[in-house]
Every structure is written in C-alpha cells, then in structure tokens.
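The values are calculated or read from the model by the stated rules, or taken from the named source; none is laboratory data. Every value quoted in this text rests on a predicted model; they were computed, and no experiment measured them. Don't worry about glycine lacking a Cβ; one is built from the backbone with ideal geometry, like all the others, and counts go over all protein chains shown. The protein model used for the area step is the full one, side chains on, heavy atoms only, and it has no ligands, DNA or RNA in it. Shrake-Rupley method; radii C 1.70, N 1.55, O 1.52, S 1.80 Å.
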Amino acid sequence: MFDTLDAVLLARIQFAFTVSFHIIFPAFSIGLASYLAVLNGLYLWKKDDVYLELFNFWKTIFAVAFGMGVVSGIVMSYQFGTNWSVFSDKAGPVIGPLMGYEVLTAFFLEAGFLGVMLFGLKRVGPGLHFFATCMVAFGTLISATWILAVNSWMQTPAGFGFNDKGQFIPLDWWQIIFNPSFPYRLVHMVLAAYLTTALVVGACGGWHLLRGTAPRRAGRMFSMAMGMVAVVAPIQIFAGDMHGLNTLEHQPAKVMGMEGHFQSHAEGAPLILFGIPNQAEQRMDYAIQIPKLSSLILKHDLNAPLAGLDTIPRELQPPVGVIFWSFRVMVGLGFAMLGLGLWSLWCRYRGTLKAAPWLHRAAVAMGPTGFVAVLAGWITTEVGRQPFTVYGHLLTAQSHSPLAAPAVATSLVLFILVYFFVFGAGTFYILRLMARLPRDPTPELGEAPLRTAGIAPGPVTQAHHGGSHAH
C-alpha cells in the first residue's frame, strides 16, 4: 500500500504533524512565562498572597508544558537530517548557526533559571527568585526570536549568496536575521502566544467561577486574562494586517491564494468571504464576495488593480484550497477573540465581570481557540510558501532525502501512535492540574469576624427549672 504513496508528500505530512504538536506548547509557554513574571512582580509590589498562590498554581502547569515543548522540538529537529537532508546541506550554512544561537542563548538561559523559578523562592529570596522568573520569560522570547528568524529567512531570504556547490552561504548576517518579513512575523507570533495564554487562563478562571471553587483566585486570574484579551486582540488584528501587506509585497502568490483570486482584477478586486476553490479550473465556485473590498484592504484604494494567480505558473502556485480556508479560520477566530474582549470590557464597566455566567461560559468555550488560530496561521504561512522551502530559490521537491515511501510512511505511523499517547497524556495531565485549583484559604483568626453575642460556641445544655426541662 505504501509503495503507491509519494515520499515527498509523506515527509511533508510527517513534518507538519510533528510541528503541529510542537508549536502549541511554545505558544503556551511563551505567554505563560510572561504571565508568571507579572504574577511574581505583583506579589512583590502589592504583598497580596493571592498573586503568589496563582504563581504557584500556574508554575507547575508551565513546567509540564515547557518539558513537552522541549521534547517535541528535539524530535522535530532530527527530521532535518532524516527526511530533508538536501535542504540541510544547501541551507545549513545559514540556518545552522541561527538554530545554534537559539540553543546557546535562549535554551541555556531558560534551563539555567528554570530550577530557581520552580523551587528557589525560599532558598534564594524573593528578589533573586523574581529575577530568575524574568530570565525564564526573557529566554522564551529570545527562543522565539531565533526560530522565527530562521523561518522568516526561508520565507523572505536575504543577505546570502551561493558557493560552487550550490549551497546558500551568508554574506550579511544582519540582513539574514532582520530579513523583510522577520519583524512582522515575530510581533504576530508573540502576540498570538500572549492571546493563547490569556484565553487558557481565562477559560480556567471562568470554569472555577462557574463552579464556585475559589472565587477570589479564579476571579483575579479571570480579570487579568480578560484584560489581556481586550488589549491584545485589537493589536493582533492590526499587526496581522501589517503582516499581510508585507506578504503581498514579498510573497504575492501566497496572498492571491489566501484571497482566492485566481483572476487578476484591473479595477478593484472583490473580497471573497466564502467559496469553494477550484484550482484545476482556476476559479472560485459559489463565491460570496463584496465588490472591491479586497483592493481597499490591501491597497487602501477601492479601484486599485490586484494581480491574480493567472500571473503565476501553475507549477508555482500554492495549494489554494488549504490556505484559503486556514486563513479564514484564523481571521474568524481573531474577531471572535476581539468580541470576547469587548464583552469583558462591558461587564467590567458595569461591575459584573466576576458575576457574569454567560461571559464565563463563553470564556471556557474560547479556551482552546488560541491554539486553533496558531495552527491555522502556521498552515497559512507554511503551505502558502509552497512549492518552495526557501522561497523563490529551492523547491520542496528538490529538498528531501533519498528515502523510499514505505520507510517514511512507517515512521509517520509510529510518530502518530507515540505522539498521541505521550502528548495526549501530558495534555490530559495539564487539564487535570487546571481543574484542581484549591479552595481559597480560610481567613486567619485575626481577620475573622468576631462572634456575635448570644451565640454559644459550645453544645447546648439542659437547664432545670422546678423539675421541668427548658430547651
């Protein structure tokens, strides 16, 4: 059965599968590390124990997510050598040092301070412990910076040349790292990580508010999470728009596929809301569209011309059906997050943020949408780059290892079985940890209300009056 399959397609599916599992853990741990730093700082500033209690609650969840992210990332990196050895050989002089810098800076920084953050509060003191927490958060951001520098260079390569063996060689490291799409991609991904974490924290807080298990701590985390969503969601939509304009400039075929524009439009292109891409016939079937709105969004001019995929050779077009729908999933969820943030602002204004059960239910339902949006955005970016691994210079079909399809298919099946078992169990454990928020501690004796007069603390005793019993 495997002999009839394409080894390149199987290798792509395997890499997509492992990256899909991997990316959700860094997307969560990047935001959660910063959230832990904020909680730690607020505890030192306000001396309110609720922030320390929330810090201790979320640090355990962070440790599990961080560990799964490291393991899944290491496994994924081996595929550069096993399935994509030609790509590694040709692009290695550029991407190899960048990935090495990620290990030497970010990973060592995270690993060095992680133990202090998790176990060192009573050993090193609150000041140094806060510094360690900030270093872990800073390390996650540096890690994202280097990895996105690699990915952005593959999308918009710059600062390189070729040697006599056809390898990419670095000519200007500043241009390689700060390539044209890097700033937009970094901002978009970090904001996505913060939104993803805020939605998870908000879902956890909303869940416990609905159950009434720990209203003080659940209310505090819910308030912080909804505030983050309300602030970051509109910024993310703006950053995504800027990223789209940058993509239109440097990867026009990707935007054509995202918009579903098979034909060029000389006098304003419509915004296709929904439809069924028919790449074989080069048309959009059953399109629901708004005239000229795409030109207004992309060119800020209703009548601006927009080129379509009819200007791109068929063999160089991305798979339109995949990126057309993945882009809409990402954008739709982004506006749903904006709606949740605005709803929370209205409840906050009315003073009912912690007493709005339908908002809490909506927050619980929106909890996993950050991960879905991250995956949809990653699919849009990476599939939209096809048929290239290094955009415009190295085709995917020229990048794979000389492997037989049965070998790739066998390892893919093993990956699926192991990943669902290991990371499924880890995800289930994280959900169990989130569900076990301890009840709010009882107040100290000095903080408790005084017992009112006339209420006896002990058992009631019988009083005898003239042989009769009075109770």
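Quick notes on this structure:
- Ranked from largest to smallest solvent-accessible area, with a 1.4 Å probe on the protein heavy atoms, 122, 165 come out as 122, 165.
- The amide H of residue 388, built 1.01 Å from its N in the peptide plane, has 396 as neighbours under 5 Å, considering only residues 5 or more places off or on other chains.
- Between 0 and 90°, nearest 10: helix 405-435 axis offset from the chain longest Cα axis: 20
- The charge dipole of the chain, taken about its Cα centre with unit charges on the Cβ of Lys, Arg, Asp and Glu (plus for the first two, minus for the last two), comes to roughly 1660 debye.
- Structure-derived Rg/Rh (Cα atoms, Kirkwood Rh): which label, when the choices are (1) 1.08; (2) 0.94; (3) 0.97: (1)
- For region 203-330, the normalised intensity computed at q = 0.09 Å⁻¹ comes to -0.39 (log10 of I(q)/I(0), Debye sum over alpha carbons, equal scatterers, no solvent).
- For residue 274, distant residues with modelled amide H under 5 Å away: 288
- Karplus-derived 3J(HN,Hα), 6.51/-1.76/1.60, for each residue of region 42-56, Hz, glycine and proline x: 5, 5, 5, 7, 9, 6, 9, 5, 5, 5, 5, 5, 5, 4, 5
- For region 331-416, carbon and sulfur atoms together expose 74% of the accessible surface, with a 1.4 angstrom probe and every protein chain in place.
- Accessible surface for residue 411 stands near 30 Å², nearest 10, in the context of the full protein assembly shown (1.4 Å probe).
- Candidate lysines - alpha carbon under 17 Å from residue 47, same-chain residues fewer than 8 apart omitted: 122
- For the chain, the longest principal axis of the C-alpha atoms and the axis of helix 215-250 are separated by about 10°.
- Rg/Rh, computed from the Cα trace of region 129-268 with Rh as the Kirkwood radius, has the value 1.13.
- Calculated accessible area for the chain comes out at 49 Å² per residue, all protein chains present (probe 1.4 Å; ligands, DNA, RNA ignored).
- Here is the size of region 31-127 from its Cα atoms: Rg then Dmax, 18.1, 57 Å.
- In order along region 273-283, the Karplus-derived 3J(HN,Hα) couplings, from 6.51 cos²θ - 1.76 cosθ + 1.60 at θ = phi - 60°, round to 6, 9, x, 10, x, 10, 5, 4, 9, 6, 8 Hz, and Gly and Pro are given as x.
- Projecting the Cα positions of 112, 317, 305 onto the charge dipole of the chain (unit charges on Cβ atoms of Lys, Arg, Asp and Glu, taken about the Cα centre) puts 112 furthest along the positive direction.
- Region 307-432, relative contact order [Cα under 8 Å, separation at least 6], %: 32
- Each Cα pair under 8 Å and six or more residues apart adds its separation to the average, and for the chain the resulting relative contact order is 20 percent.
- Helical runs (DSSP H, four residues minimum) scored at -39500 (n - 2.57) apiece and divided by the length of the chain put the mean residue ellipticity at 222 nm at -23000 deg cm²/dmol.
- Gyration tensor over alpha-carbon atoms, region 243-389, equivalent ellipsoid semi-axes in Å: 34, 17, 13
- The lysines whose alpha-carbon is closer than 28 Å to the alpha-carbon of residue 90, local same-chain residues fewer than 8 away aside, are 165, 254.
- Relative intensity, log₁₀ I(q)/I(0), of region 255-314 from a Debye sum that treats every alpha carbon as a point, q = 0.23 Å⁻¹: -0.87
- Ordering of 253-260, 110-117 by burial proxy (mean other Cβ atoms within 10 Å per residue, highest first): 253-260, 110-117
- Protein accessible area in region 161-240, 1.4 Å probe - carbon and sulfur %: 68
- For region 376-391, Karplus couplings with θ = phi - 60° (6.51, -1.76, 1.60), whole Hz, Gly/Pro x: 5, x, 5, 4, 4, 5, 7, 5, x, 6, 4, x, 10, 8, 9, 4
- Against the rule of thumb 2.2 N^0.38 Å, how large the Cα Rg of region 204-246 comes out: 1.65
- Cα centroid of region 78-153 to Cα centroid of region 53-68, whole Å: 18
- When the Cα positions of 36, 135, 13 are compared along the charge dipole of the chain, 36 comes out farthest toward the positive end, with charges on each C-beta of Lys, Arg, Asp and Glu.
- Of interest is the spacing of the C-alpha centroids, which for region 256-286 and region 346-405 amounts to 23 Å.
- Charging the Cβ of each Asp and Glu at -1 and of each Lys and Arg at +1, and nothing else, the dipole of region 243-304 about its Cα centre rounds to 60 debye.
- Amide H contacts for residue 84 (H built 1.01 Å from N in the peptide plane; partners 5 or more residues away or on another chain; cut-off under 5 Å): 401.
- Per residue, the average separation of C-alpha pairs within less than 8 Å and at least 6 apart gives region 1-160 a relative contact order of 27 percent.
- Under a model in which nothing but the beta-carbon of Lys, Arg (+1) and Asp, Glu (-1) is charged, region 282-353 shows a dipole of about 340 debye around its Cα centre.
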